[in-house]
Amino acid sequence: MKKKKLSRWAKIRKNISRRMTSGMLVLVPVGVTLLVMKWLFTWGAKQLKPVVESITKALEKSAWINAQPEWWVDFYVYILMILLLLVLLYLIGVLGQ
């Protein structure tokens with residue numbers, strides 16, 4: 001069977017279509033991963049904030065640290081959540097191998 005020769009414009013359209021499809025196949029899992037990570041971050045931050053607040057209050061009472069402003073507590077929570085998410089990603093990678 002003879003293969004039909006494509007015109008230049010048809011080749012360009014086919015190439016663009018392939019590139020866009022492969023781009024979508026890359027972006028969809030990345031987007032889903034980012035949405036899940038954002039959800040885990042906000043959920044974990046809500047769960048950790050009372051714990052971090054109680055720890056900082058206990059440290060303030062024992063004179064280990066001075067009174068911390070509220071934004072420092074948020075900063076501690078965000079840093080802790082970033083570290084926990086990185087550990088989670090690492091463990092998922094270990095399990096995936």
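The values are calculated or read from the model by the stated rules, or taken from the named source; none is laboratory data. Note that the coordinates shown come from a computational prediction; the quantities given were computed from them, not determined experimentally. Backbone-built Cβ (ideal geometry, glycine too); neighbour counts: all protein chains shown.
Residue-wise test of (1) modelled with pLDDT of 90 or more; (2) touching a strand residue (DSSP E or B) at 6+ places or on another chain (Cβ under 6 Å); (3) farther than 29 Å from ILE92 by Cβ.
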| residue | (1), (2), (3) |
| --- | --- |
| LYS3 | no, no, yes |
| ILE16 | yes, no, yes |
| SER22 | yes, no, no |
| THR33 | no, no, no |
| LEU59 | no, no, yes |
| GLN68 | no, no, yes |
| TRP71 | no, no, yes |
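Taking segment 72-81 as the range and being surrounded by 13 or more Cβ atoms within 10 Å (Cβ to Cβ) and either among the aromatic types (Phe, Trp, Tyr) or free of Cβ contacts under 8 Å to residues at least 40 places away in the same chain (or both) as the test, the residues that pass are TRP72, VAL73, ASP74, PHE75, TYR76, VAL77, TYR78, LEU80.
Taken over segment 35-53, the criterion of being without any contact (Cβ under 8 Å) to a residue 40 or more places away in the chain and closer than 17 Å to LEU88 by Cβ is satisfied by LEU35, VAL36, LYS38, TRP39, THR42, TRP43, ALA45, LYS46, GLN47, LEU48. Among residues that are exposed (fewer than 11 other Cβ atoms within 10 Å of the Cβ), under 18 Å from LEU83 (Cβ atoms) and within 33 Å of the chain's Cα centre (by Cα), TRP39 is included. Only one of the numbered conditions (1) free of Cβ contacts under 8 Å to residues at least 40 places away in the same chain; (2) in a helix (DSSP H, G or I) is violated by ASN66, and that is (2).
Within segment 48-62, can one find any residue that is loosely packed, with under 10 Cβ neighbours inside 10 Å, out of contact with any His (no Cβ under 6 Å at 6 or more places or on another chain) and farther than 26 Å from VAL87 by Cα?
Yes.
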